[in-house]
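Below: the structure, in structure tokens.
The values are calculated or read from the model by the stated rules, or taken from the named source; none is laboratory data. All values reported here derive from a predicted model rather than from experimental measurement. Here the Cβ positions follow ideal geometry from the backbone for every residue, glycine too, while neighbour counts run over all protein chains shown. Just the protein is used for accessible areas: all its heavy atoms, side chains included, with ligands, DNA and RNA removed. Shrake-Rupley method; radii C 1.70, N 1.55, O 1.52, S 1.80 Å.
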Amino acid sequence: MSLTLSASVIVQGVLTGLVYGLMALGLSVIFGIVRVVNFAHGEFAVLAMYIAYLLFFWLKLDPFLAALPIAALFFGVGYLLQRALINSFVARAEHDQFILMVGLAIVLVNGCLMIFGPEARHAELSYSLDSWLAGPLIIDAVRVYAAIGSLVVALMLLAFFRLTDTGTAIRACADNRLAAAIVGLDTRRLYALTFGLGLACVGAAGAMQTAIIDPNPSLAPGMTLLAFTVVIVGGLGSLIGALFAGILIGVAEALSSLVMAPSMKSLASFAVLVLVLVLRPQGLFGKGG
Amino acid sequence: MHPTLHRLLGQLDRRQRLAFLGLVGALILGPAFLDRYLMSIMILVFWYAAVGQAWNIMMGFCGQLSLGHCLYSGIGGYVAALLWVNYGIPPWLAAVPAMGIACACGIVIGWLAFRYDIGGVYFALLTIAFAEMARIAFDNWAGGGGAAGLFIPLIPAADAGLWTLSGGPLQFYYLMLGLAITSFVAAAALRASRLGHEWLAIREEPEAARALGIDIYRAKLAAIIVSAAITSLAGVFYAFYQRNLFPSDAFDVSRSIIMIMGPIVGGLGTLMGPVIGALILTPLGQILIALTERLVGHAVPGASLLAYGALLMVIISTNANGVWPGLSRRLGLAPRALR
């Protein structure tokens, strides 16, 4: 195995990892602030992939452009979902929330299965197979676009939380829900906004992934697990941590599918997860310890 | 009668005892009235009642959320099947190493997690991770059949019997019923024991439990070992009932999820919860499959599961504590203090 091949694979892992990072960012925001475990996260990603596929199929809309309207749509869906359904579960036990979200996940993935069938759909972009030579490295164009897109969305989200009043209010909710309510913040609205933002992330990530992976209902549970692994490796509530852990997992998967076999790649991410849980349970960027 | 059993029955009032013995009696007489199809559904009901009870010990009693229980049933099934297919060791003997290895897996997970007080969602993810690692390992291990699966050959009817777990539906009906009753009695006995009270204390208030001098680490490990042992024995029976094992099926996350839905829908932490949950959910899934076929005229992939998922959301939205606590009050079977 040559050094340049490994280097190419690592770069590819970093690029894929940024998309993982954005997907996990959505989960981390919901998990860290609303304190609800979104076990339907991967299912939402697959739904976004199918919508991007349909927009491409019908309107020839590029998945990277479709990411914007899909993110907006998912924001609305998330907002309404939190208001109408999930809000009444915020104070309930973890396992109740879990069953609710698993029910939602089953509905979503089987809805996709009924409409689109079990076989993967392929969106054939004019630049699907383009790649660049950067020195000795070979880099896929679609992965670069997806990575840049993910990074832009992630930075926008970070800026929103740091720079806007609403973002600050949401962070206050995360720190101390009771105190936030006492100083007059509308926590229900802020939770709904947060859930919307979380789904917008996964909507954008899913849409962009359509250019890399063919949408298929059976992808969903693995994506939920992957997003979870990334969030816990990065550290609950740390947005930078989610991005960094996404890259770490992306590289670990890419390297292990090169060294062992592609079917073994999720073994690598679980190995990283177990190591982190044992050595640093609060995650790489988590607070306290 | 066994003294523990006697003591447990003694805790029930007359009405509860009648209802309990009536239910067991009806189930024992069941095969006289059920056709082959209904028998196959009841076999699954008993199986899910047993593994639901095992999971209930960990989550309902001790408060540790495991989402990877397919690991134990899968390991149990694979170990027993491999020992039978390769060495001719009968499943009743092979069940001992099968349960041993499953318990060892539970100890490793418990050791990793409970030493550092990893709980809640973190623990849940760790259990999923181990189940997934087992799936990938068995997928890639040719000696265990790999992704193509492991098959337990049928035995000529003349030699078939209980000792080799190769009989017909009637044998498996009573076998699974026995398993469900055994796990129920074991859970009842454990809950009434000192260990059971330690579990409840840990579930309710871990810090207070520690202050009382309870060895939390040891008690949690005991919960995972008991749970793994029952689940793996159920896995042995299930493997010989199905007579095939696929990693993508035996170690699938959805298997773990179906296992735990029964106790949650039925009533977490209650003894009857897993039983009621299995009695509701297993037939419900079958009815939905039959109903979509009847309505559409052919099988629609995903349709029955979609309805199942939606119903699950409705049940959990309207029944905060599961079905059994409310149902038992209505039937006059709740503990006296709650009536």
Subject >> Inter-site label distance for residue A:271 and residue B:318 at 7 Å from Cα along Cβ, in nm >> reply: 4.9 nm
**OP:** Along Cα→Cβ, 7 Å out, is where each label goes; now give me the distance between the ones at residue B:170 and residue B:208 in nm to one decimal.
**Re:** 5.4 nm
**OP:** Taking 50 Å² as the minimum loss, tell me which residues in region B:119-152 lose that much accessible area going from the chain by itself to the full protein complex (1.4 Å probe).
**Re:** B:121, B:122, B:125, B:133, B:136
**OP:** Output the Kirkwood hydrodynamic radius of region B:34-338, Cα pairs only, in Å rounded to one decimal.
**Re:** 20.0 Å
Original post:
Where the centroid of each part is defined by its Cα atoms, how far is region B:25-43 from region B:47-96 in Å?
Top reply: 24 Å
Original post:
What 222 nm value per residue comes from the helices of chain B, counting each DSSP H run with n ≥ 4 as -39,500 (n - 2.57) and dividing by all residues, nearest 500 deg cm²/dmol?
Top reply: -24000 deg cm²/dmol
Original post:
Does region B:95-164 classify as rounded, prolate or oblate by the C-alpha gyration tensor (a ≥ b ≥ c root eigenvalues; a/c under 1.5 gives rounded; else a/b over b/c gives prolate, otherwise oblate)?
Top reply: prolate
Subject >> Accessible-area composition of chain A, carbon plus sulfur, in percent [1.4 Å probe] >> reply: 70 percent
**OP:** When a/c is below 1.5 the answer is rounded, else prolate if a/b is larger than b/c, else oblate, so apply that to region B:4-107 with a ≥ b ≥ c taken from the square roots of the Cα gyration tensor eigenvalues.
**Re:** oblate
Subject >> Proximal lysines relative to residue A:265, as straight alpha-carbon distance under 30 Å, when same-chain residues fewer than 8 apart are discounted >> reply: A:287
Original post:
For residue A:186 and residue A:59 in one chain, what is 0.36 nm times their gap in residues minus the Cα-Cα distance, to one decimal in nm?
Top reply: 41.7 nm
Original post:
What FRET efficiency, computed as 1/(1 + (r/R0)^6) with R0 = 25 Å and r the Cβ-Cβ distance, is obtained for residue B:140 and residue A:279, rounded to the nearest 0.05?
Top reply: 0.40
Subject >> Computed [θ] at 222 nm, helices only, for chain A once each DSSP H run of length n ≥ 4 contributes -39500 (n - 2.57) >> reply: -24000 deg cm²/dmol
Original post:
PRE reach from residue A:68 (point 7 Å along Cα→Cβ): which of region A:153-193 fall under 20 Å by backbone N?
Top reply: A:153-160
**OP:** Using protein chains only (no ligands, no nucleic acids) and a 1.4 Å probe, work out which residues of region B:58-76 have their accessible area cut by at least 30 Å² relative to the chain alone.
**Re:** B:65, B:67
Subject >> Distance (nanometres) between label positions extended 7 Å along Cα→Cβ at residue B:92 and residue A:175 >> reply: 6.6 nm
Original post:
Considering chain B as a Gaussian network with a 10 Å cut-off on Cα pairs, which listed residue, B:327, B:23, B:44, attains the greatest mean-square fluctuation?
Top reply: B:23
Original post:
Each residue of region B:85-100 in order: what ³J(HN,Hα) in whole Hz does its phi give by Karplus 6.51 cos²θ - 1.76 cosθ + 1.60, θ = phi - 60°, with x for Gly and Pro?
Top reply: 5, 8, 10, x, 7, x, x, 5, 6, 5, 4, 5, x, 4, 5, x
Subject >> Computed FRET value (nearest 0.05) for residue B:32 with residue B:197, which takes r as the C-beta separation and R₀ as 30 Å >> reply: 0.15
Original post:
Running Debye on region A:48-155 with equal point scatterers at the Cα sites and no solvent, what base-10 log of I(q)/I(0) appears at q = 0.15 Å⁻¹?
Top reply: -0.88
Subject >> Estimated translational D of region A:1-59 in µm²/s (Stokes, Kirkwood radius over Cα pairs; 10 °C; 1.306 mPa s) >> reply: 114 µm²/s
Subject >> Cα gyration tensor category, rounded, prolate or oblate, for region A:101-220 with a/c compared to 1.5 >> reply: oblate
Original post:
Out of every Cα-Cα pair in chain A, what percent are more than 26 Å apart?
Top reply: 42 percent
**OP:** Please list, or write none, the aspartates and glutamates whose alpha carbon is within less than 13 Å of the alpha carbon of residue B:220, excluding same-chain residues fewer than 8 places away.
**Re:** B:117, B:198
**OP:** Over all directions, average the projected area of the Cα convex hull of the protein assembly as shown and note it in nm².
**Re:** 31.5 nm²
**OP:** Using a Förster distance of 41 angstrom, determine the FRET efficiency expected from the C-beta separation of residue B:107 and residue A:122, and round it to 0.05.
**Re:** 0.35
Subject >> Amide H within-cut-off set for residue A:131, under 5 Å, with H built and near neighbours excluded >> reply: A:141
